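Worksheet: one structure, shown below.
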Amino acid sequence: MNKKLAAALSGGAVLVMMATLSGCGDDAEDKAKEWSKSYCPKEKAAVEKATKAEKLISSVAADGKPEELKKVDIQAFQMYGDAARDRIKALKEAGVPPVDNGERDHKEMIKNLDAKAKAYDELKKQAEALDPASKEFPKALDKIGADLGKADKLPAPKIFCPSSNAGATTSPS
(Lines give C-alpha, C1' and ligand atoms only; values in the text may rest on other atoms or scores of the structure.)
Protein backbone atom coordinates (compact mmCIF):
# COMPACT_ATOMS: atom_id res chain seq x y z
CA MET A 1 0.00 0.00 0.00
CA ASN A 2 2.86 2.40 0.75
CA LYS A 3 4.25 1.72 -2.73
CA LYS A 4 0.89 2.62 -4.30
CA LEU A 5 0.69 5.81 -2.25
CA ALA A 6 4.26 6.77 -3.18
CA ALA A 7 3.53 6.14 -6.87
CA ALA A 8 0.35 8.22 -6.71
CA LEU A 9 2.14 11.07 -4.93
CA SER A 10 5.04 11.06 -7.37
CA GLY A 11 2.61 10.98 -10.30
CA GLY A 12 0.77 13.92 -8.78
CA ALA A 13 4.06 15.77 -8.32
CA VAL A 14 4.86 15.29 -12.00
CA LEU A 15 1.45 16.68 -12.96
CA VAL A 16 1.93 19.71 -10.70
CA MET A 17 5.41 20.30 -12.12
CA MET A 18 4.12 20.06 -15.71
CA ALA A 19 1.29 22.46 -14.94
CA THR A 20 3.78 24.90 -13.41
CA LEU A 21 6.12 24.70 -16.39
CA SER A 22 3.33 25.20 -18.91
CA GLY A 23 2.35 28.36 -17.05
CA CYS A 24 5.82 29.83 -17.60
CA GLY A 25 5.02 31.18 -21.08
CA ASP A 26 6.48 28.20 -22.92
CA ASP A 27 3.12 27.55 -24.50
CA ALA A 28 3.17 27.36 -28.32
CA GLU A 29 -0.11 29.24 -28.58
CA ASP A 30 1.26 32.14 -26.53
CA LYS A 31 4.36 32.28 -28.72
CA ALA A 32 2.22 32.31 -31.85
CA LYS A 33 0.09 35.14 -30.48
CA GLU A 34 3.17 37.19 -29.61
CA TRP A 35 4.66 36.61 -33.05
CA SER A 36 1.37 37.59 -34.68
CA LYS A 37 1.20 40.79 -32.65
CA SER A 38 4.62 41.82 -33.93
CA TYR A 39 4.09 40.82 -37.57
CA CYS A 40 0.41 40.92 -38.55
CA PRO A 41 -0.23 44.68 -38.36
CA LYS A 42 2.76 45.24 -40.65
CA GLU A 43 1.62 42.53 -43.06
CA LYS A 44 -1.85 44.05 -43.18
CA ALA A 45 -0.42 47.51 -43.94
CA ALA A 46 1.74 46.07 -46.74
CA VAL A 47 -1.19 44.17 -48.25
CA GLU A 48 -3.27 47.37 -48.13
CA LYS A 49 -0.45 49.24 -49.93
CA ALA A 50 -0.43 46.62 -52.69
CA THR A 51 -4.22 46.80 -52.95
CA LYS A 52 -4.01 50.59 -53.38
CA ALA A 53 -1.46 50.09 -56.17
CA GLU A 54 -3.78 47.62 -57.87
CA LYS A 55 -6.68 50.08 -57.64
CA LEU A 56 -4.46 52.86 -58.98
CA ILE A 57 -3.62 50.86 -62.09
CA SER A 58 -7.27 49.87 -62.53
CA SER A 59 -8.37 53.50 -62.28
CA VAL A 60 -6.59 54.51 -65.49
CA ALA A 61 -8.22 53.52 -68.73
CA ALA A 62 -6.05 51.58 -71.16
CA ASP A 63 -6.81 54.23 -73.78
CA GLY A 64 -5.90 57.05 -71.39
CA LYS A 65 -3.31 59.71 -72.04
CA PRO A 66 0.16 58.21 -72.40
CA GLU A 67 1.68 60.62 -69.85
CA GLU A 68 -0.94 59.60 -67.29
CA LEU A 69 -0.42 55.89 -68.01
CA LYS A 70 3.33 56.25 -67.52
CA LYS A 71 2.91 58.25 -64.29
CA VAL A 72 0.44 55.76 -62.81
CA ASP A 73 2.53 52.73 -63.78
CA ILE A 74 5.65 54.20 -62.17
CA GLN A 75 3.76 55.05 -58.99
CA ALA A 76 1.99 51.68 -58.77
CA PHE A 77 5.13 49.63 -59.41
CA GLN A 78 6.90 51.62 -56.68
CA MET A 79 4.02 50.86 -54.30
CA TYR A 80 4.06 47.17 -55.18
CA GLY A 81 7.81 46.92 -54.61
CA ASP A 82 7.56 48.86 -51.35
CA ALA A 83 4.80 46.56 -50.13
CA ALA A 84 6.97 43.50 -50.73
CA ARG A 85 9.97 45.15 -49.02
CA ASP A 86 7.77 46.17 -46.09
CA ARG A 87 6.75 42.55 -45.59
CA ILE A 88 10.37 41.41 -45.82
CA LYS A 89 11.35 43.92 -43.16
CA ALA A 90 8.44 42.88 -40.95
CA LEU A 91 9.33 39.20 -41.33
CA LYS A 92 12.95 39.83 -40.42
CA GLU A 93 11.93 41.89 -37.37
CA ALA A 94 9.38 39.30 -36.20
CA GLY A 95 11.72 36.36 -36.76
CA VAL A 96 10.76 32.80 -37.55
CA PRO A 97 7.05 32.13 -37.00
CA PRO A 98 6.42 29.54 -34.27
CA VAL A 99 4.59 27.10 -36.55
CA ASP A 100 5.40 23.76 -38.11
CA ASN A 101 8.07 24.35 -40.78
CA GLY A 102 8.33 27.96 -39.61
CA GLU A 103 12.00 28.35 -40.51
CA ARG A 104 11.44 26.96 -44.01
CA ASP A 105 8.34 29.13 -44.53
CA HIS A 106 10.17 32.21 -43.24
CA LYS A 107 13.08 31.77 -45.65
CA GLU A 108 10.76 30.93 -48.54
CA MET A 109 8.58 33.98 -47.93
CA ILE A 110 11.56 36.31 -47.82
CA LYS A 111 12.91 34.77 -51.03
CA ASN A 112 9.53 35.06 -52.81
CA LEU A 113 8.93 38.61 -51.61
CA ASP A 114 12.43 39.63 -52.68
CA ALA A 115 11.80 38.21 -56.17
CA LYS A 116 8.52 40.15 -56.38
CA ALA A 117 10.17 43.38 -55.20
CA LYS A 118 12.90 43.02 -57.83
CA ALA A 119 10.34 42.27 -60.54
CA TYR A 120 8.38 45.42 -59.69
CA ASP A 121 11.56 47.49 -59.53
CA GLU A 122 12.35 46.30 -63.06
CA LEU A 123 8.82 47.16 -64.22
CA LYS A 124 9.22 50.63 -62.72
CA LYS A 125 12.49 51.11 -64.64
CA GLN A 126 10.76 50.02 -67.85
CA ALA A 127 7.90 52.47 -67.21
CA GLU A 128 10.35 55.30 -66.46
CA ALA A 129 12.08 54.64 -69.77
CA LEU A 130 8.84 54.98 -71.75
CA ASP A 131 8.53 57.92 -74.12
CA PRO A 132 4.84 58.87 -74.16
CA ALA A 133 5.34 60.79 -77.44
CA SER A 134 6.85 57.79 -79.23
CA LYS A 135 4.94 55.76 -81.78
CA GLU A 136 6.34 52.72 -79.96
CA PHE A 137 4.62 53.70 -76.69
CA PRO A 138 1.65 51.30 -77.07
CA LYS A 139 3.97 48.43 -77.94
CA ALA A 140 6.25 49.19 -74.99
CA LEU A 141 3.21 49.42 -72.73
CA ASP A 142 2.08 46.00 -73.96
CA LYS A 143 5.51 44.59 -73.08
CA ILE A 144 5.22 46.02 -69.57
CA GLY A 145 1.78 44.40 -69.32
CA ALA A 146 3.26 41.06 -70.34
CA ASP A 147 6.10 41.46 -67.82
CA LEU A 148 3.55 42.37 -65.16
CA GLY A 149 1.81 39.08 -65.91
CA LYS A 150 5.13 37.27 -65.36
CA ALA A 151 5.66 39.07 -62.04
CA ASP A 152 2.17 38.10 -60.96
CA LYS A 153 2.99 34.44 -61.63
CA LEU A 154 5.96 34.43 -59.25
CA PRO A 155 5.25 32.26 -56.18
CA ALA A 156 2.80 34.01 -53.92
CA PRO A 157 4.08 34.59 -50.41
CA LYS A 158 2.18 32.88 -47.64
CA ILE A 159 -0.24 35.01 -45.65
CA PHE A 160 0.23 34.20 -41.96
CA CYS A 161 -2.37 36.58 -40.57
CA PRO A 162 -6.09 35.90 -40.93
CA SER A 163 -6.91 39.63 -40.98
CA SER A 164 -4.73 40.02 -44.08
CA ASN A 165 -6.56 37.35 -46.08
CA ALA A 166 -8.74 39.93 -47.76
CA GLY A 167 -5.63 41.02 -49.63
CA ALA A 168 -4.28 37.52 -50.14
CA THR A 169 -5.39 37.58 -53.74
CA THR A 170 -3.42 40.74 -54.36
CA SER A 171 -0.63 39.38 -56.46
CA PRO A 172 2.22 41.84 -55.89
CA SER A 173 2.80 41.25 -52.29
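The values are calculated or read from the model by the stated rules, or taken from the named source; none is laboratory data. Just so it is clear, the model here is predicted, and its values are computed rather than measured. FYI the Cβ positions are ideal-geometry reconstructions off the backbone, even for glycines, and counts take in every protein chain you see.
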Consider P66 against the criteria (1) under 30 Å from E136 (Cα atoms); (2) crowded, with 18+ Cβ neighbours inside 10 Å: it satisfies all of them except one. Which criterion is unmet?
-> (2)
Does segment 92-106 hold any residues that are β-branched (V, I, T) and at pLDDT 90 or above, and which are they?
-> V96
Qualifying residue in segment 126-136 (condition: in a helix (DSSP H, G or I) and of a type in the set (K, R)) | no
Residue in segment 97-104 that is farther than 29 Å from D63 by Cβ, of a type in the set (A, V, I, L, M, F, W, C), touching a residue at least 60 places away in the same chain (Cβ under 8 Å) and not in a helix (DSSP H, G or I) present | yes
Would you confirm whether any residue within segment 9-17 is modelled with pLDDT of 50 or more and out of contact with any strand residue (DSSP E or B) (no Cβ under 6 Å at 6 or more places or on another chain)?
-> no
For segment 65-78, name all the residues that are within 25 Å of the chain's Cα centre (by Cα) and without any contact (Cβ under 8 Å) to a residue 60 or more places away in the chain.
-> V72, I74, Q75, A76, F77, Q78
